[in-house]
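First up is the structure itself, then whatever we jot down about it.
The values are calculated or read from the model by the stated rules, or taken from the named source; none is laboratory data. All of these numbers come straight from a predicted model, not from anything done at the bench. No Cβ is skipped: glycine too gets one built from the backbone with ideal geometry, and neighbour counts run over all protein chains shown.
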Amino acid sequence: MHSRSGVPSRAFHSKPWSAICASVAEYRLLIKPSALKELDAIGSKRDRQRIVNRIHALAGDPRPPGFDKMAGATSLYRVRQGQYRIVYAIDDTARTVDVIKIGHRREVYRRNA
């Protein structure tokens, strides 16, 4: 249905776009306490906010463009955010994303000896 100006009337759109997107089932985010400490240790507030936004985006799409499966790990994935990496696990059955580790790219892959 169009109004006189040729623009679709509001009645044509039964739901706003955000309501349509919100109806898609999202994954639940679980963040390890150690990952929260690693996030707090990041010096730049701007970097921290970008990482938080990236983690929130994982709830909607746990396999975003640019994600990689970690070598040698059966169910761990990583996603880049600038110089930082977010390491996480996905459980499709329980629909959860578990954030395991957050850190600078040169340090995040090191094992504690």
Filter result (without any contact (Cβ under 8 Å) to a residue 12 or more places away in the chain and of a type in the set (Gly, Ala, Ser)) within the range 72-93: Gly72, Ala73
Those residues of the range 24-56 which are of a type in the set (A, V, I, L, M) and exposed (fewer than 13 other Cβ atoms within 10 Å of the Cβ), in sequence order: Val24, Ala25, Leu36, Ala41
Candidates Ile55, Ile31, Ile51, Ile20, filtered to the one that is more than 18 Å from Gly103 (Cβ to Cβ) and either modelled with pLDDT of 85 or more or over 15 Å from the mean Cα position of the chain (by Cα) (or both): Ile20
Residue count for the range 47-71, restricted to those that are closer than 15 Å to Val108 by Cα and without any contact (Cβ under 8 Å) to a residue 24 or more places away in the chain: 4
Count - residues of the range 64-106 that are in contact with a strand residue (DSSP E or B) (Cβ under 9 Å, 6 or more places away or on another chain), part of a loop (DSSP other than H, G, I, E, B) and of a type in the set (D, E, K, R): 2
Of all residues making up the range 70-95, the number that are surrounded by 16 or more Cβ atoms within 10 Å (Cβ to Cβ) and within 13 Å of the chain's Cα centre (by Cα): 10
